[in-house]
1. Please return the ranges of helices (runs of 4 or more DSSP H) entirely within region 106-152 where 1 or more residues are modelled with pLDDT of 75 or more and under 29 Å from residue 53 (Cβ atoms).
2. For residue 81, only one of the following conditions fails: (1) at pLDDT 80 or above; (2) in contact with a helix residue (DSSP H, G or I) (Cβ under 7 Å, 6 or more places away or on another chain). What is its number?
3. Test each condition in (1) modelled with pLDDT of 80 or more; (2) on the phi > 0 side of the Ramachandran plot for residue 64 and report the one that comes out false.
4. Report yes if residue 114 is surrounded by fewer than 11 Cβ atoms within 10 Å (Cβ to Cβ) and free of Cβ contacts under 8 Å to residues at least 60 places away in the same chain, otherwise no.
5. Do we find that residue 56 is surrounded by fewer than 17 Cβ atoms within 10 Å (Cβ to Cβ), assigned to a helix (DSSP H, G or I) and either touching a helix residue (DSSP H, G or I) at 6+ places or on another chain (Cβ under 6 Å) or free of Cβ contacts under 8 Å to residues at least 24 places away in the same chain (or both) in this structure?
C-alpha cells in the first residue's frame, strides 16, 4: 500500500492515464500507475544491495524525497504525474509521511549492516518450522539446523 497522486485521469503524450490515491500496487496483479514507494526499495536491501544502494542515493540526493525533518522518506513519488509545487522535479511527490513505512526501513538497514534480523530468525525454531512447512529450502534454511551460538 502506498499513497498516490489520484484519484484522477491525465492525458500524457496522447495517452489517457488513470492515477490512484492510496492503493495496493505491485507486479504482477496490482495496478501500476507509475507510483513508487522509497520504503519498499529500502526493504529490498538484503536481497539486491547492488541495485538498492544507488536507488536509495537517488531518492535522497537527486529526487530529494527525504524530509527536511527527521521523519524519513516521503511516502511515495510518481515521475509520470505532473509535479507538485516546490518539488525537486516536475513529479508528484506525496506530501505525507507514514511512520509504519519506516519499520521495514530500519529493520532492513540494520540487517544489511549487521545481519541481526536474520540471525534472530535463524535462532527461532518456530520460524524454521514455518518456512519448512511452506516449502522453503536451501542453504539459508539449512543454517537453521545448526544450533544458535549463545550470546556472550
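The values are calculated or read from the model by the stated rules, or taken from the named source; none is laboratory data. All values derive from a computational prediction rather than experimental measurement. Neighbour counts are summed over all protein chains in view; Cβ atoms, including those assigned to glycine, are modelled from backbone coordinates with ideal geometry.
1. Values: elements: 116-122, 125-133, 139-142.
It comes to 116-122, 125-133.
2. (2)
3. Against the list (1) modelled with pLDDT of 80 or more; (2) on the phi > 0 side of the Ramachandran plot, residue 64 comes up short only on (1).
4. Numbers: surrounded by fewer than 11 Cβ atoms within 10 Å (Cβ to Cβ): yes; free of Cβ contacts under 8 Å to residues at least 60 places away in the same chain: yes.
When the stated conditions are applied, residue 114 passes them.
5. On the way: surrounded by fewer than 17 Cβ atoms within 10 Å (Cβ to Cβ): no; assigned to a helix (DSSP H, G or I): yes; either touching a helix residue (DSSP H, G or I) at 6+ places or on another chain (Cβ under 6 Å) or free of Cβ contacts under 8 Å to residues at least 24 places away in the same chain (or both): yes.
Criteria not met by residue 56.
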